Amino acid sequence: MSVFTVHEPPLRAAEARSDPERFTFVRDGFYFWAFATTPIWMLWHRMWLVLLIYLIVAVGADSAMHYAGIGSGGVVVFQLVISLLIGFEASTLRRFTLARRGWKNVGVVAGDGVEAAERRFFDAWAVAANKAGERPSASSAAPPSTPRAAQPSGIIGLFPEPGALR
């Protein structure tokens, strides 16, 4: 089961509320295509600042290793490590780019795939809006959580009971 963060785009001039069709779901985890084709993946997702920083680091490190006398094997290993790091941090880089563009993180949802996560998120979004008696908005993405009542645990000793005062 994958975990996704949900991002709402900034409002356009004529909109009172964001269109749910424009929401973006960013999966946590390793992105193979970000690892295998790092610059192309960044271009595909229009991550211009991230691409610029990547190119500066890659070219700078390549030049520094060349002048330090490190062979081509060391350069290839370093570039592979950088690409591996990009693959692991691709979701963080996407969230960074979305935040810079004014997108709001409105929730976290888990699902077997993006379709299941979208269904779960928008079901909770609609339920929260129905309880409030209004059209769903991104600020009411998740229903409010209710505290659980304290139940006796039957454990005697150093473990506190749930909900008990400390």
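Computed from the coordinates by the stated procedures, all read-outs in this text should not be read as laboratory data. In this text the structure is predicted, and so the values were computed from the model without any measurement. With ideal geometry, Cβ positions are generated from the backbone for all residues, glycine too; neighbour counts draw on all protein chains shown.
Backbone geometry of segment 56-68 corresponds, through the Karplus equation with coefficients 6.51, -1.76 and 1.60 at θ = phi - 60°, to 3J(HN,Hα) couplings of 4, 5, 5, 5, x, 5, 4, 5, 5, 5, 5, 6, 7 Hz, x marking Gly and Pro.
Computed from backbone phi, the HN-Hα couplings of segment 38-44 come to 3, x, 5, 4, 5, 5, 4 Hz, rounded to whole numbers (Karplus: 6.51 cos²θ - 1.76 cosθ + 1.60, θ = phi - 60°; Gly and Pro given as x).
Using the average count of surrounding beta-carbon atoms within 10 Å as a protection proxy, the listed peptides 110-119, 71-80, 90-99 rank, highest first, as 90-99, 110-119, 71-80.
Between the amide H of residue 47 and any residue lying 5 or more places away or on another chain, no distance stays under 5 Å, with hydrogens modeled in the peptide plane. For residue 88 and residue 66, FRET efficiency with R0 = 22 Å and r from the beta-carbon atoms, rounded to 0.05? It comes out at approximately 0.25. Summing charges over all other residues whose Cβ lies under 13 Å from the Cβ of residue 42, with Lys and Arg as +1 and Asp and Glu as -1, gives +1. Tell me which residues come under 5 Å, amide H to amide H, from residue 104 once H is placed; ignore anything under 5 positions away on its chain. Amide H neighbours of residue 104: 8. Tally Lys/Arg at +1 and Asp/Glu at -1 over every other residue whose Cβ is under 9 Å from the Cβ of residue 105; what's the total? Here the count lands on +1. Mind checking segment 1-72 for trypsin sites (Lys or Arg not before Pro) that DSSP puts in a loop (not H, G, I, E or B) and that have at most 14 other Cβ atoms within 10 Å? Those satisfying the criteria are 12, 17, 46. Once the C-beta distance of residue 28 and residue 49 is scaled by a Förster radius of 35 Å, the resulting FRET efficiency is 0.95 to the nearest 0.05. With N counted as the residues of segment 1-96, its alpha-carbon radius of gyration over 2.2 N^0.38 Å works out to 1.39. Exposure proxy ranking for 5, 24, based on other Cβ atoms within 10 angstrom of each Cβ and starting from the fewest, stands as 24, 5.
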